[in-house]
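Since the structure comes first, as structure tokens, the remarks are kept for the end.
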Amino acid sequence: MNDLTEDCLKEQLNPRFPGLPFRFHEVTDSTQSDALNWAREGAPHGSFVLADTQSNGRGRRGRTWEGGAGKSILISFILRPQMEPDRLGLMGGAAAIAVAHALRNHTDIPAQTKWPNDVWIHGKKVAGILLELVWRESRLEAVVAGIGINVNQKPEDLPPGTRTPATSLTIEASKTWDRCALLCRLVEELNGVMERAQTDPAALLAEWKALECTLNRQVLAVDENRQIKGQVTDILGDGSLKIISDGRERQLRWGEVSILPDFE
Ligand code: BTN
């Protein structure tokens, strides 16, 4: 029996979030593209698009996202945050914090965030997040947070030869997980995190720092123009990463980070 169906979601979500709009597809191109269209048509804050399988899943920096059919959580949330644009950097972190909390609370596995918006377990990526913005003229209308979580993949189900080492909850805990229950937990955590992002961003930032695996580690960071090798010392209020490199302080607003072995 499939562990993720529209009916099981309605049954489990309705008592906690009555009437929360969502769209479920057994197969779609990309929940992200679906959610972007729905956001432009006016979908309310918190609504989401979910799929059992994607045929054209998209990742950050033009990469593809392969979600093993029937084994992942593939979801895109439509968010309409009421916050100053200079705080928007917190949004990627907020989604990663929600995923890490959901995994920790539901499975007891020590998931961590990895800046800017991944979730890792024991040095391997278990979830990725793609944030895309919907603008109307110069006004930000919505943020679409697309989340892919490797849940029930066995080692042979993960795409071979990826640049980043990958894992799944099944690999980490040697058991099969009920995706519907995990998804309900994620919806709950995301709602809580989004509320804190607006009412108490300082507390949310403290949560992020407590979960972040790059803090105090030596890293190689890259954005469009530069490569920085140094030690991560902080995450700032706008979500940027503070790195000390050759005695100088650098701030990275976005980019990718690899953790270097401690002995380097
Ligand atoms: C990354 O790590 O590069 C981000 C991956 C984001 C993948 C998710 S899966 C659900 C949603 N739909 C997509 O097409 N992409 C995101």
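Could you pull out the longest piece of the chain with no exposed loop trypsin sites (Lys or Arg not before Pro) in it, calling a site exposed if DSSP puts it outside H, G, I, E, B and it has at most 11 other Cβ atoms within 10 Å?
Values: sites that count: ARG16, ARG163, LYS175, ARG226.
The answer is 17-162.
Rounded, prolate or oblate: which fits the range 148-263 when a ≥ b ≥ c are the square roots of the eigenvalues of the alpha-carbon gyration tensor, with rounded for a/c under 1.5 and prolate only if a/b beats b/c?
Details: a/c = 2.55, a/b = 1.30, b/c = 1.97.
Here the range 148-263 falls in the oblate category.
Give me the angle, in degrees from 0 to 90, between the Cα long axis of helix 89-107 and the longest principal axis of the Cα atoms of the chain, rounded to the nearest 10.
60 degrees
How would you classify the range 53-139 from its alpha-carbon gyration tensor, with a ≥ b ≥ c the square roots of the eigenvalues: rounded for a/c under 1.5, else prolate if a/b is greater than b/c, otherwise oblate? Spell out each step's value before the answer.
Details: a/c = 2.05, a/b = 1.32, b/c = 1.55.
Oblate, since a/c reaches 1.5 and b/c is not below a/b.
Of GLN32, GLN231, GLN112, which has the largest mean-square fluctuation in a 10 Å C-alpha GNM of the chain?
Of the options given, GLN231 has the highest mean-square fluctuation.
So what is the 222 nm mean residue ellipticity for the chain from helices alone, if each DSSP H run of at least 4 adds -39500 (n - 2.57) and you divide by all residues, rounding to the nearest 500 deg cm²/dmol?
Working: 6 runs with 74 residues, N = 264.
My calculation for the chain gives -9000 deg cm²/dmol from helical runs alone.
Running a GNM on the chain with Cα contacts under 10 Å, which residue among PHE48, PHE24, PHE77 ends up with the highest mean-square fluctuation?
PHE24
If the limit is 18 Å between Cα atoms, which of LYS71/LYS125; LYS125/LYS154; LYS124/LYS154; LYS154/LYS175; LYS10/LYS125 go over it? Present the calculation step by step, with values, prior to reporting the outcome.
Numbers: LYS71/LYS125 16 Å; LYS125/LYS154 14 Å; LYS124/LYS154 14 Å; LYS154/LYS175 10 Å; LYS10/LYS125 29 Å.
Pairs exceeding the cut-off: LYS10/LYS125.
Relative to the first principal axis of the alpha-carbon coordinates of the chain, what is the inclination of helix 179-199, with its axis defined by its Cα atoms, in degrees from 0 to 90 and to the nearest 10?
Orientation of helix 179-199: about 50 degrees from the principal axis.
Considering the chain, which cysteines have no disulfide-compatible partner, defined as another cysteine with its Cβ under 4.7 Å away?
Lone cysteines by the Cβ rule: CYS184, CYS213.
Which of ALA35, ALA111, ALA210 moves most in a GNM of the chain, Cα contacts under 10 Å?
Per the Cα network of the chain with a 10 Å cutoff, ALA210 tops the list.
Is the shape of the range 67-208 rounded, prolate or oblate, going by the alpha carbon gyration tensor and its root eigenvalues a ≥ b ≥ c, with a/c under 1.5 for rounded and a/b larger than b/c for prolate?
Working: a/c = 1.99, a/b = 1.70, b/c = 1.18.
The shape class here is prolate.
So what's the angle, to the nearest 10 degrees on a 0 to 90 scale, between helix 31-40 and the longest Cα principal axis of the chain?
That works out to roughly 80 degrees.
Rule-based calculations on the coordinates, nothing more; no lab input. What you see is a predicted model, and the numbers here were worked out from it, not measured in a lab. With ideal geometry, Cβ positions are generated from the backbone for all residues, glycine too; neighbour counts draw on all protein chains shown.
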